[in-house]
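Note sheet for the following structure.
Only the coordinates and a few stated rules stand behind these numbers; no lab work does. Since this is a predicted model, take the numbers as computed values, not measurements. Backbone-built Cβ (ideal geometry, glycine too); neighbour counts: all protein chains shown.
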Amino acid sequence: HVRDVTGCHVLPGLIDSHVHFRTPGLTHKEDWPHGSRAAAAGGVTTVIDMPNTQPPLLDPAKVSERAELVAGRSLVDFRFHLGTSPETLDRLKALTPQDATSVKIFMAGHHTAPNVLRSPSDLRRAFEFAAGQSVLLVLHAEADAVFALLDAAGAPPAQYRDYERARPRSGGIVAVTQVIELVQRYGTHAHILHVSSAEEVQLLIAARRSGLPISFELTGHHLSFTAADSARQGARLRLSPSIRSAEDQEALWAALLSGEAGTLGSDHAPHTVEEKTRGVAQAPPGIPGVQELATAVFTGMRRRQPEAPADRHLVLLAEHLARRPAELFGLAHRKGSIVPGLDADLVVFDADRPWMVTAADLHTKAGWSAYEGWTMAGRVLATVRRGEVIWDQAEGRFGSPVGVLLNPDCP
Ligand code: DOR
Ligand code: ZN
Ligand code: ZN
């Protein structure tokens, strides 16, 4: 099959360092065959999977078992974030870079993540271990204490207030402040996930400028939607952290366009249509997004800076979705170079191809997207993983599921 891609751009294969592929235990929401096809269709050739499965991945010794579950089912290459809990903190002492790219800490409770580290002493231990072993921490930085206070105050339930009540911005600000203090104290390298508010962006940029080893992630959905969309879409756009105001969103965009944000991630966290039609208060937070991430962010870039050349925006995408995550998560070692894409992980992208997202385009097992009806500015025409075409948009065809566990020791 020969394709004429004259006029298209070729980017390095994208790395989505934040997906929940739900295996094992939650495969009614998502699984690796569906999730990795969604990834391939979105130009993603490597994912890092989150540990809040059932059971959760809390033991470095269990990573190879987890990899065996995925082997032969994934189109894309993969690694894992290890989870932790107050009871399993000591196991981090045995962690090596071969096991996991990083340790994920949930600082707030969540229905799919019962393993929360919220006491100051547990957090101190985690930061101290991680610093001693040069392990990267990735953090869901929201504070439960603030939710409890708000619940006690019995805030009134207008629909928009419901989102704020579930995950008020103050919870994020409190937790980010706590993380910055811990990084100051122990020198731990920390990456804050899905930053959602202007205040958090400000705090984190200031911390980084002061020389602390701290960086942060922006998600496709916090860059694409505002509280007004949440009010319209209801339970579907219930997220943790919540989608915030248009002003917050502008602060995230300013950080991205100036290069001050660290990475982009989808936080691909599917729930079934049934779960998402339970009503705002009962629906679990999270949306699919690994397929939509790059095109949605590209679309937002074009809308905000229509005069800028598309090349500039594609370079920003490659920076936040390939070079930086490769460096941050040690994927560059295996690639033998800090230039991602060199082992022929590539994406063919048409930057001038508007198209409308419909349910028929989606590959997640959840079968729905908050982006349905969106007109995307560009399209992924083909994705190549280690030299094999794993997505051919013209034919709607996928390659074979032979993604490998990327290990820093591999040649
Ligand atoms: O919205 C979210 N969904 N936030 C999380 O932290 C977890 C995720 C999930 O696993 O559903
Ligand atoms: Zn999270
Ligand atoms: Zn997540």
Q. Among the residues of segment 196-217 satisfying the criterion of being closer than 14 Å to SER17 by Cβ and within 16 Å of ligand 3 (Cβ to nearest atom), which is nearest to the chain's Cα centre (by Cα)?
A. GLU217
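If I filter segment 256-282 down to residues being within 16 Å of ligand 2 (Cβ to nearest atom) and of a type in the set (A, V, I, L, M), which single residue comes out as surrounded by the most Cβ atoms within 10 Å (Cβ to Cβ)?
Going residue by residue through segment 256-282, those that are within 16 Å of ligand 2 (Cβ to nearest atom) are 262-271.
Filter once more, so that each one left must be of a type in the set (A, V, I, L, M): 264, 269.
On the way: LEU264: 27, ALA269: 29.
Looking at the filtered set, the residue picked out is ALA269.
Among the candidates LEU14, LEU75, LEU57, LEU82, single out the residue that is in contact with a strand residue (DSSP E or B) (Cβ under 6 Å, 6 or more places away or on another chain), within 15 Å of ligand 1 (Cβ to nearest atom) and closer than 19 Å to ASN407 by Cα.
LEU57
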Q: Name the one entry in LEU69, LEU26, LEU75 that is farther than 26 Å from ARG324 by Cα, touching a residue at least 40 places away in the same chain (Cβ under 8 Å) and more than 16 Å from ligand 3 (Cβ to nearest atom).
A: LEU69
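Only one of ARG37, ARG3 is over 15 Å from the mean Cα position of the chain (by Cα), closer than 14 Å to PRO288 by Cα, of a type outside the set (A, V, I, L, M) and more than 16 Å from ligand 1 (Cβ to nearest atom); which?
Details: ARG3 fails: closer than 14 Å to PRO288 by Cα.
On inspection, the qualifying residue turns out to be ARG37.
Does GLY367 qualify as being surrounded by fewer than 15 Cβ atoms within 10 Å (Cβ to Cβ) and more than 24 Å from ARG303 (Cβ to Cβ)?
Working: surrounded by fewer than 15 Cβ atoms within 10 Å (Cβ to Cβ): yes; more than 24 Å from ARG303 (Cβ to Cβ): yes.
For GLY367, the condition - surrounded by fewer than 15 Cβ atoms within 10 Å (Cβ to Cβ) and more than 24 Å from ARG303 (Cβ to Cβ) - is met.
Let's see how each residue does on (1) buried (at least 24 other Cβ atoms within 10 Å of the Cβ); (2) under 20 Å from LEU362 (Cα atoms):
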| site | (1), (2) |
| --- | --- |
| GLY7 | no, no |
| ILE15 | yes, yes |
| THR27 | no, yes |
| ALA39 | yes, yes |
| ARG66 | no, no |
| ARG73 | no, yes |
| THR96 | no, no |
Q) Could you list, in sequence order, the residues of segment 259-280 that are within 20 Å of the chain's Cα centre (by Cα), assigned to a loop (DSSP other than H, G, I, E, B) and either of a type in the set (Phe, Trp, Tyr) or more than 15 Å from ligand 1 (Cβ to nearest atom) (or both)? A) GLY259, GLU260, ALA261, GLY262
Q: Can you tell me which residue within segment 238-255, out of those that are among the aliphatic types (A, V, I, L, M) and within 14 Å of ligand 2 (Cβ to nearest atom), is farthest from the chain's Cα centre (by Cα)?
A: ILE243
